[in-house]
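Engineer: Below you'll find the structure I mean.
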Amino acid sequence: MSNLFALRNYARKSPSALPQSILFSSSPRSLTIYDSYPKSIFHFLVLPRVEAGSSVGIDDLESLKTLFAHGRESAQHVLNALNEDAQEVKREIEQEMQERYGFKWPIWIGFHGAPSMHHLHLHVLSSDLCSERLKNKKHYNSFNPKLGFFLHIDDVLSWFDSEPSYYHEMIKLDQKAYEKLLKEDLLCWKCEAPMKNIPNLKAHLQEEWDKVSKREKVKAERKRKLEEKQTTESERIEKKVKLDD
Ligand SMILES: [Zn+2]
Ligand SMILES: [Zn+2]
């Protein structure tokens, strides 16, 4: 990654100063950018901005860890806002999926337990992990939704409703412990089959995705035929009614 501070720099800028090739959308509290190293067919990052009048400054927005360290209430405020904006991004991805592929598939929203870039960023990505940019074990394990390194936003938000002891344990965000997870063996996130190496994993993920795509296309075709049949049937009934008159 070329500039570890790139995200922080974006978050400090006015959205209008960002090129269209980077910026996807913005709100007063966040910016959504295209991930420049997409690990799935769709992959965006939602970055919090410093809000006017807020006690949460740019340094508090460094990571999940610093955000929680700043305070529970402000962390909840920032994370709820990020989640709302990410849900909007999700809706837009789903629309694009429908237009481009004729069906939609699940979308993951979450943080990395141990981030590699400065400034908090919420990943919003489609559940396929089919991308040229996915090149090594670390890349894959950081997005494997079952490994524990990828922290789903719903899980993070649930910490606020948990027992105080659990909350305090989770917000420690022990970076070393998370980084260890990246070295775990490769397993398909979908069927849990062990994978010998990255080329095997990538071929397998492609097969998993092709299966989904094939199944969804059959479903869409079946639906189209059914609708066609229903229109011809109602036309026939209409004609019959006219003849009976
Ligand atoms: Zn990240
Ligand atoms: Zn599999």
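Engineer: Cβ-Cβ distance below 9 Å, separation of 6 or more or different chains: which pairs start in the stretch 69-80 with a residue that is basic (K, R) and end on one that is part of a helix (DSSP H, G or I)?
Structural biologist: So the pair list comes out as R72/F160; R72/Y167.
Engineer: Of all residues in the stretch 206-220, which are under 19 Å from M97 (Cβ atoms) and either within 16 Å of ligand 2 (Cβ to nearest atom) or at pLDDT below 90 (or both)?
Structural biologist: In the first step, residues of the stretch 206-220 are kept if they are under 19 Å from M97 (Cβ atoms); the result is 206, 208-220.
Scanning the stretch 206-220 gives Q206, E208, W209, D210, K211, V212, S213, K214, R215, A220.
Engineer: Being within 16 Å of ligand 1 (Cβ to nearest atom) and modelled with pLDDT under 95 narrows it down to one residue among S63, S116; which is it? Walk me through it before giving the result.
Structural biologist: Numbers: S63 fails: modelled with pLDDT under 95.
Only one candidate passes the filter, namely S116.
Engineer: Going through the stretch 204-223 one residue at a time, which ones are among the aliphatic types (A, V, I, L, M) and either open to solvent by 50 Å² or more (accessible area, probe 1.4 Å) or assigned by TED's automatic domain parsing to the domain that holds E132 (or both)?
Structural biologist: V218
Engineer: Right, here's the next one. Looking at the stretch 82-140, which of the residues that are open to solvent by less than 20 Å² (accessible area, probe 1.4 Å) and free of Cβ contacts under 8 Å to residues at least 60 places away in the same chain is farthest from ligand 2 (Cβ to nearest atom)?
Structural biologist: Going through the qualifying residues, I end up with F111.
Engineer: Return yes when F44 is among the hydrophobic types (A, V, I, L, M, F, W, C) and open to solvent by 60 Å² or more (accessible area, probe 1.4 Å) and no when it is not. Outline the logic, then answer.
Structural biologist: Working: among the hydrophobic types (A, V, I, L, M, F, W, C): yes; open to solvent by 60 Å² or more (accessible area, probe 1.4 Å): no.
The answer is no for F44.
Engineer: Then there's this: Give me the helices (runs of 4 or more DSSP H) completely within the stretch 149-194, filtered to those with at least 1 residues that are over 21 Å from the mean Cα position of the chain (by Cα), closer than 17 Å to G113 by Cβ and away from ligand 1 (no atom under 16 Å from the Cβ), ordered by residue number.
Structural biologist: 164-170, 175-181
The values are calculated or read from the model by the stated rules, or taken from the named source; none is laboratory data. Everything quoted here is computed from the prediction, not taken from an experiment. Ideal geometry is used to build each Cβ from the backbone, glycine not excepted, and the neighbour counts take in all protein chains shown. Remember, those area values only see protein heavy atoms, side chains included, never the ligands or the DNA or RNA. Shrake-Rupley method; radii C 1.70, N 1.55, O 1.52, S 1.80 Å.
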